[in-house]
Amino acid sequence: MARARAQAAAGQAGSALRPRRRSAVKDGRPENTHPLNRGPGQDRIPLYESFLRFAEALARCSPAAAHRTGCVLVSFNLERVLGAGFSGGAASARGRLGGARRRDSHLHAEEHALLIAGAVEKDKLMFVTEAPCLLCAARAINSGVSHVYYRTATARGCKGLELLRRAGKAVIHYPRWRPRSAGPHPIGLVGGRLPPRMTLPEAYQHFAEALALRSTDGSQKVGCVVVSGDLERVLGIGYNGGAAGIDDRDFIPADRSGYVHAEENALLKAGAIEKDKVMFLTHTPCVMCAKRAINSGVARIHCRQPNQRGDAMGLALLQQAGKQVVWWKGEARRR
């Protein structure tokens with residue numbers, strides 16, 4: 001009996017010394033414990049990275065002289081953007097108030113995003129360019145945030161991270177993701193660093209680019225972002241791909257691509273109730289997606305380049321419907 005107890009104790013000690021086998025994660029980062037990250041590794045941009053790149057673009061919209069930060073709040077299933085913001089003052093009073101400006105008087109990016117998202121939906125994911133301060137961490141806790149992903153952390157951000165950990169929240173440092181294979185950047189998509197200053201439409205355009213990188217279509221990668229007419233709320237996002245969560249290629253005829261278009265995926269989330277929506281696209285829409293945009297209440301479409309398949313009928317249909325097309329290079333024209 002004594003020998004059996006000794007052997008059991010030795011076995012337990014041995015198992016404690018052996019390194020634990022890490023479970024497979026899609027983005028290659030075991031510290032990212034979000035349930036949707038479980039699975040075989042993938043060599044395409046994770047959605048977590050796409051949201052952080054959107055936050056980085058939003059930070060370039062901030063008028064602040066220092067601590068120019070961006071924040072994005074997302075539903076737990078990663079399908080809906082609940083709120084997005086950057087550090088800045090009151091939107092309607094920007095640049096109108098005279099006198100000396102108080103030091104650090106800007107609202108923080110996290111607060112802007114949380115005001116849009118609200119506290120009703122729980123288990124939200126927060127993506128921030130800089131770790132939140134102590135007060136923004138408290139706001140995140142009170143607003144039902146369950147995961148916080150951040151790029152960098154300053155001294156004041158470390159206190160916020162400690163508070164989040166004490167509250168049982170998942171805190172993930174997420175350096176910029178890079179693909180394992182050093183292949184060429186996909187044709188037609190913008191690469192390189194962001195400019196130091198950006199407008200909000202430009203931030204949405206770069207978000208569409210980051211989403212397009214997730215597409216599994218080898219011939220053309222398209223991203224789409226649909227927002228409210230006042231540009232305050234993201235209503236739907238998408239990229240061209242198959243059925244979510246499964247491999248559906250066996251069901252697709254050889255002469256068809258079988259991919260749901262980026263515009264359709266975004267409009268499925270945005271719905272048709274809200275009118276005068278704005279759509280940001282990496283490519284011009286095909287004729288069927290132009291019909292979907294018109295019937296879903298889209299009033300303006302931003303796009304950067306023609307559809308690589310040479311389909312110009314979508315723009316012709318938008319012209320007939322009186323919709324506005326804005327080219328990313330700044331040229332706006334009634335098509």
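The values are calculated or read from the model by the stated rules, or taken from the named source; none is laboratory data. What you see is a predicted model, and the numbers here were worked out from it, not measured in a lab. Cβ placement follows ideal geometry from the backbone for every residue including glycine, while neighbour counts extend to all protein chains displayed. Note: areas computed on protein heavy atoms with side chains; ligands, DNA, RNA excluded. Shrake-Rupley method; radii C 1.70, N 1.55, O 1.52, S 1.80 Å.
The table below lists the values:
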| quantity | calculated |
| --- | --- |
| Which of 164, 82 is most accessible, then next, and so on - probe 1.4 Å | 82, 164 |
| Accessible-area ranking of 232, 121, 56, largest first, probe 1.4 Å | 232, 121, 56 |
| Heavy-atom accessible area ranking, 1.4 Å probe, most first, across 237, 116 | 116, 237 |
| Net charge of Cβ neighbours under 13 Å - reference residue 264; Lys, Arg +1; Asp, Glu -1 | +2 |
| Environment charge of residue 181, counting only residues whose C-beta is closer than 11 Å and scoring Lys/Arg +1, Asp/Glu -1 | +2 |
| Cβ-defined net charge surrounding residue 230, 14 Å radius [Lys, Arg +1; Asp, Glu -1] | +1 |
| Pairs beyond 24 Å (Cα-Cα), from 122/169; 221/291; 221/275; 269/291 | 221/275 |
| Rounded to the nearest 10 Å², the accessible area of residue 151 at probe 1.4 Å | 20 Å² |
